[in-house]
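Where a number appears in this text, it was derived from the coordinates with a stated rule and is not lab data. Predicted model only: the values in this text are computed from it and were never measured. All Cβ positions, glycine included, derive from the backbone under ideal geometry; neighbour counts span all protein chains shown.
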Amino acid sequence: MRILVIEDDEILRDGLAAGLGLEGFEVDSVSSCADARAAAATQDHAAIVLDIGLPDGSGLELLTEWRRGGAKTPILLLTARNLIRDRIDGLDGGADDYLGKPFDLGELSARLRALLRRSSGRAESEISVGSLTIDEACRTVAIDGEEVALSRREYAILHALASRPGHVLSRGQLEDRIYGWQEEVESNAVEVHIHKLRAKLGRERIETVRGEGYRIARQ
Ligand code: CA
């Protein structure tokens, strides 16, 4: 899932991008309010990790601005450990969660998964579609209880499709989910991943909707 990280501390930002990448997120990262506005205007992110102290303004202002504009993207604030006021203002301003610095990367990614689940209307960390189950916390996939090994991008595509059974996702929407800004997208990348997924999970598992895209079969 593609998320936006807004953090001006370069070491922390790079660490978040790398660490959350290993946890299966596609991460776009920026370091200022101006770049954050541009990023949010051009790309739909599944969630946003927002630092409060930024060089050209406060993350709390961005938060207020986005919520006033009707943005519903889940937002997790990174706050200084002792500033309770920031947390209160942040939650009242429309943030969905916060984490005080320094924090544990595992906790941040678990909180992000929880926010993403809730924003898609689910309470459980397991997705089931017919005989297929996905365990989000362990990032494992099984058919009739038998685990199937998937690459990171295969998992991302399957997760996107299985999160919304019955919905068709276009090739462009799937590309958005699995590639960050810096990455070159090969023209047939999604088709190649779908082909591999079908080889591993069974051909009928993913349906092609001609001229529209792909959807998960309810089997
Ligand atoms: Ca900062």
GluC sites (Glu not before Pro) within the stretch 48-149: DSSP coil, no more than 14 neighbouring Cβ in 10 Å: GLU124
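For the chain, what is the mean residue ellipticity at 222 nm derived from helices alone (per DSSP H run of n ≥ 4: -39500 (n - 2.57); sum divided by total residues; nearest 500 deg cm²/dmol)? Please list the in-between numbers first.
Values: 8 runs with 89 residues, N = 219.
The per-residue figure over the chain is -12500 deg cm²/dmol.
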Comparing GLU183, GLU207, GLU23, which has the greatest mean-square fluctuation in the GNM of the chain with Cα pairs linked when under 10 Å apart? GLU183
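With the cut-off at 1.5 for a/c, could you classify the stretch 1-65 from its C-alpha gyration tensor as rounded, prolate or oblate?
Numbers: a/c = 2.16, a/b = 1.33, b/c = 1.62.
It is oblate, given that a/c is not under 1.5 and a/b is not larger than b/c.
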Over all distinct alpha-carbon pairs, what is the Kirkwood Rh of the stretch 78-158 in angstrom? 14.8 Å
Length gain on complete extension for the stretch LYS200 to ALA18, per 0.36 nm per residue less the alpha carbon to alpha carbon distance? 62.7 nm
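What share of the DSSP beta bridges in the chain is antiparallel, in percent to the nearest 5?
Working: 18 of 36 bridges.
Expressed as a percentage, antiparallel bridges in the chain total about 50.
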Which whole-Hz couplings ³J(HN,Hα) result when phi for each residue of the stretch 121-133 is put into the Karplus expression 6.51 cos²θ - 1.76 cosθ + 1.60, θ = phi - 60°, listed in order with x for Gly and Pro? x, 10, 10, 9, 8, 10, 10, 10, 10, x, 7, 8, 10
Would you please state which residues of the stretch 103-144 a label at ARG218 would reach in this model, taking the label point 7 Å out along Cα→Cβ and a backbone N cut-off of under 15 Å? 128-132
Comparing ARG139, ARG85, ARG13, which has the greatest mean-square fluctuation in the GNM of the chain with Cα pairs linked when under 10 Å apart? ARG85
Inter-probe distance in nm under a simple model that places probes 7 Å from Cα toward Cβ, at ARG171 and ILE11: 4.4 nm
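Count neighbours as other Cβ atoms within 10 Å of each site's Cβ, and list the chymotrypsin sites (Phe, Trp or Tyr not before Pro) in the stretch 157-219 that are DSSP loop with at most 13 such neighbours. Mind showing how you got there, number by number?
Details: sites: TYR179, TRP181, TYR214; in loops: TYR179, TRP181.
When the chymotrypsin sites (Phe, Trp or Tyr not before Pro) of the stretch 157-219 are filtered for loop state and at most 13 Cβ neighbours within 10 Å, TRP181 remain.
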What area, in nm² and to one decimal, does the C-alpha convex hull of the stretch 126-216 cast on average over all directions? 5.8 nm²
Indicate the gyration tensor shape class of the stretch 1-126 (rounded, prolate or oblate), computed on the Cα atoms with a ≥ b ≥ c the square roots of the eigenvalues: a/c under 1.5 is rounded; otherwise a/b larger than b/c is prolate and the rest oblate. rounded
Less than 12 Å apart at the alpha-carbon level, and either on another chain or at least 8 residues along: which aspartates and glutamates does that give for LYS196? GLU154
Determine the distance separating the Cα centre of the stretch 8-31 from the Cα centre of the stretch 88-121; give it in Å without decimals. 15 Å
Can you give the direction-averaged projected area of the convex hull of the alpha-carbon atoms in the chain, in nm²? 12.3 nm²
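Would you please classify the overall shape of the stretch 74-116 from the alpha carbon gyration tensor, given that a ≥ b ≥ c denote the square roots of the eigenvalues, rounded means a/c under 1.5, and beyond that prolate means a/b larger than b/c while oblate covers the rest?
Details: a/c = 3.68, a/b = 1.23, b/c = 3.00.
Oblate.
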